[in-house]
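The block underneath contains the structure these notes are about, expressed in structure tokens.
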Amino acid sequence: MAKRDGPEHDETRGLTRRGLFRSIGAATLVAGCTKEDPPLHPESRAVADVDGAIGLTPTPLEFVLDGQPQKLEVEARTTLLDLLRLDLDRTGTKLVCDRGACGACMVMVDDVPRNSCMMLALDVAGATVTTVAGLGGSSQLSALQQAFVQHDALQCGFCTSGMLISSSALLRRSAGQTLERADVEDAIAGNLCRCGTYPHVVDAVLSVANGGGGSAHNVVLLRAKPSTKSGGA
Ligand code: FES
Ligand code: FES
């Protein structure tokens, strides 16, 4: 047998550890260069074989937004909220929790209030979507929006568009009926207001629903607050 010199091979000990690792590395390198791509999972292959499968490319979408027909293409992963805010300039619809918990992103889809952060844009195909920007005219507030101002129903305003959407949907579905405070409270149950404007919101909605039946809560509070100061200054 020919004599092999070097640290990789020792006549007395056979293959050394270094030699063994070098052999494994070389074998791995050769295998990596010659290896073919693994076959697709059967389900992946099925999707990839379908022409126009949703999710692979932008998908056509048509719907009506604030009275205007829309025709565009969106990726299947796009939420309705992202489409409205980022692509269609409806920034009055707010992003707050992004998980369906606060109602700030609410819009009406076929007159039903929905959290737009929890819907895919493609889910509104063929539907009518109304945002806070579509409640009044292009240059005027709706009666409900005016009532919000009159009743001081907003402070920071982050919940306000959602409150208006829930309340508007209530007014639409209860047209001609007399509403109680509990009706409004139920309607806005999915809208969180960190500033605590709930009583003012209820007053504003009732004032529109019942033709001025709601009290101006802020005025009542101011009148009920006794002065603690005596004398001048
Ligand atoms: S941002 Fe959608 S529910 Fe809060
Ligand atoms: S007005 Fe600030 S969260 Fe409602």
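The values are calculated or read from the model by the stated rules, or taken from the named source; none is laboratory data. Note that the structure is predicted; figures quoted are calculated from it, not measured. Cβ placement follows ideal geometry from the backbone for every residue including glycine, while neighbour counts extend to all protein chains displayed. Surface areas here come from the heavy atoms of the whole protein model, side chains and all, with no ligands, DNA or RNA. Shrake-Rupley method; radii C 1.70, N 1.55, O 1.52, S 1.80 Å.
Things worth noting here:
- If a spin label sat at a point 7 angstrom from the Cα of residue 96 along the line to its beta carbon, the backbone N atoms of segment 193-211 nearer than 12 Å would be those of 193-198.
- Environment charge of residue 61, counting only residues whose C-beta is closer than 11 Å and scoring Lys/Arg +1, Asp/Glu -1: -4
- Whether segment 57-134 is rounded, prolate or oblate, judged on the alpha carbon gyration tensor where a/c under 1.5 counts as rounded: oblate
- Using a Förster distance of 35 Å, the FRET efficiency for residue 172-residue 77 (Cβ separation, nearest 0.05): 0.65
- Rounded accessible area of residue 123 (nearest 10 Å², 1.4 Å probe): 100 Å²
- Taking 7 Å steps out from each Cα toward its Cβ at residue 155 and residue 68 produces label points 3.5 nm apart.
- With each label modelled as a point 7 angstrom along the Cα→C-beta vector, the residue 189-residue 138 pair spans 4.0 nm.
- Entry comment: accessible area of segment 135-214 is 49 Å² per residue, from protein heavy atoms only and a probe of 1.4 Å.
- Stokes-Einstein translational diffusion, segment 97-158 - Kirkwood Rh over all Cα pairs, 1.306 mPa s, 10 °C, in µm²/s: 121 µm²/s
- Whole-percent carbon and sulfur share, accessible surface of segment 135-214, 1.4 Å: 49 percent
- Across all directions, the average projected area of the convex hull around the alpha carbons of segment 135-214 is 4.9 nm².
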